[in-house]
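There's a structure below that I have some questions on.
The values are calculated or read from the model by the stated rules, or taken from the named source; none is laboratory data. On a predicted model such as this, the values are computed, not experimentally measured, just so you know. Neighbour counts are summed over all protein chains in view; Cβ atoms, including those assigned to glycine, are modelled from backbone coordinates with ideal geometry.
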Amino acid sequence: MKTIEELMAIRENAKKKMSVREDTGDENVRIVVGMATCGIAAGARPVLNAFVDEIAKRELKGVTVSQTGCIGMCQYEPIVEVLEPGKEKVTYVKMTAEKAVKVVNDHIVNGNPIVDFTVGAATK
Amino acid sequence: MRELSLNVLDIAQNSITAGAALIRIEVLENTVAHTLTIGIYDDGCGMTEEQLESVLDPFFTTRTTRKVGMGIPLFKMAAEQTGGSFTISSKVGIGTNVQAVFKTDSVDFTPVGDMASTVATLISMNTDREFLYRRVLDGKDFVLDTAEIREILGGVPLSEPAVVQWMRAFINENTEALYGGVSQ
């Protein structure tokens, strides 16, 4: 069973990570998941879970996952935007948990956006 | 929506939009009466009587206020199709209470689904709010309270991935224990 002690261990670990982040001055990468009725119904929650799990697994620093409302392209949900400082926003559409793992690996970690998953490829 | 926990995720977003500081989510099951009651209670800005009427009408709201839209009508339908009931009450400046009662022995009953993901998502995406999640089965219960977790974390954000995973596992394990499943 999950215990308070485990939570305390997470706290200590996270505090160490936070101080490393401050030292290196890593800029923040933001992953934004559409979580309006349309996004949720299309499967945004497992996508968001997959991002959180993959970031935890790789212990990535300076990457945050947040949510947004409906951006008016409901037919392409679940939609995920990746915002990196100094780079153009990348909008991924019809996301799945599997695609989310690939986005973390290829795009966030290795710096190669996956063109096939983007809104540009979907609307061609 | 394929599971009720997705409706909860959706409805609770309205509480966030309403500026609620504390959002209480309760899932109460009574196996004798074959009922499952889901409540979402907030201390947000509340609604006027006209707004309250309009949220129940999907065709009125989707065309005028995008903020509310289909969420409430879908949740209401999910409850009523089981022979259950749905109530929403609200007072400007006080908050909004949404409660849906489901008949669990109905063929049209949608499973509760992954409440752990719903609650962990809501908490991690809205770390400036307090959440109180309570699951009750025939009088036995467990609670997840962000105020308590926040105190233990001492400055580490509730959105920290390891914390989100801990909250998900905490809810899953306690739910299994409540329902007599395997747990340590």
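So how many residues does segment B:85-110 have that are surrounded by fewer than 22 Cβ atoms within 10 Å (Cβ to Cβ) and either not in a loop (DSSP other than H, G, I, E, B) or not hydrophobic (A, V, I, L, M, F, W, C) (or both)?
Matching residues across segment B:85-110 total 17.
I've got another one for you. Looking at B:L132, B:L158, can you tell me which residue is more than 12 Å from every other protein chain (Cβ to nearest Cβ) and in contact (Cβ under 8 Å) with a residue 12 or more places away in the chain?
Exactly one residue qualifies, and that residue is B:L132.
What are the residues in segment B:128-184 that are of a type outside the set (G, A, S), in a helix (DSSP H, G or I) and loosely packed, with under 13 Cβ neighbours inside 10 Å, if any?
Scanning segment B:128-184 gives a single hit, B:E151.
Among the residues in segment A:48-65, are any hydrophobic (A, V, I, L, M, F, W, C), outside any helix (DSSP H, G or I) and more than 28 Å from B:F170 (Cβ to Cβ)?
Going residue by residue through segment A:48-65, those that are hydrophobic (A, V, I, L, M, F, W, C) are A:48, A:50-52, A:55-56, A:60, A:63, A:65.
Those left that are additionally outside any helix (DSSP H, G or I): A:60, A:63, A:65.
If we keep only those that are more than 28 Å from B:F170 (Cβ to Cβ) too, we end up with none.
Looking through segment A:48-65, none of the residues is hydrophobic (A, V, I, L, M, F, W, C), outside any helix (DSSP H, G or I) and more than 28 Å from B:F170 (Cβ to Cβ).
Considering only residues that are of a type outside the set (V, I, T), within 18 Å of B:A147 (Cβ to Cβ) and outside any loop (DSSP other than H, G, I, E, B), which ones fall in segment A:1-19?
A:L7, A:M8, A:R11
What number goes with the only condition from (1) surrounded by 14 or more Cβ atoms within 10 Å (Cβ to Cβ); (2) within 12 Å of chain B (Cβ to nearest Cβ); (3) over 20 Å from B:T127 (Cα atoms); (4) of a type in the set (G, A, S) that A:A100 does not pass?
Against the list (1) surrounded by 14 or more Cβ atoms within 10 Å (Cβ to Cβ); (2) within 12 Å of chain B (Cβ to nearest Cβ); (3) over 20 Å from B:T127 (Cα atoms); (4) of a type in the set (G, A, S), A:A100 comes up short only on (2).
Right, something else. Answer yes if at least one residue in segment B:83-90 is more than 25 Å from B:A33 (Cα to Cα) and either of a type in the set (A, V, I, L, M, F, W, C) or in contact (Cβ under 8 Å) with a residue 24 or more places away in the chain (or both), and no otherwise.
Within segment B:83-90, one or more residues are more than 25 Å from B:A33 (Cα to Cα) and either of a type in the set (A, V, I, L, M, F, W, C) or in contact (Cβ under 8 Å) with a residue 24 or more places away in the chain (or both).
What number of residues in segment A:61-72 are more than 11 Å from the chain's Cα centre (by Cα) and either surrounded by 16 or more Cβ atoms within 10 Å (Cβ to Cβ) or at pLDDT below 90 (or both)?
6
Conditions first: (1) within 25 Å of B:V119 (Cβ to Cβ); (2) within 13 Å of the chain's Cα centre (by Cα); (3) not in a helix (DSSP H, G or I). A:T91 passes all but one, so which condition is the exception?
Single failed check for A:T91: (1).
Return only the number of the condition from (1) part of a loop (DSSP other than H, G, I, E, B); (2) exposed (fewer than 15 other Cβ atoms within 10 Å of the Cβ); (3) within 12 Å of chain A (Cβ to nearest Cβ); (4) of a type outside the set (K, R) that B:G113 does not satisfy.
Condition (2) is where B:G113 drops out.
Filter segment A:104-124 down to the residues that are hydrophobic (A, V, I, L, M, F, W, C) and in contact (Cβ under 8 Å) with a residue 40 or more places away in the chain, then identify the one that is surrounded by the fewest Cβ atoms within 10 Å (Cβ to Cβ).
Looking at residues that are hydrophobic (A, V, I, L, M, F, W, C) and in contact (Cβ under 8 Å) with a residue 40 or more places away in the chain, I get A:V109.
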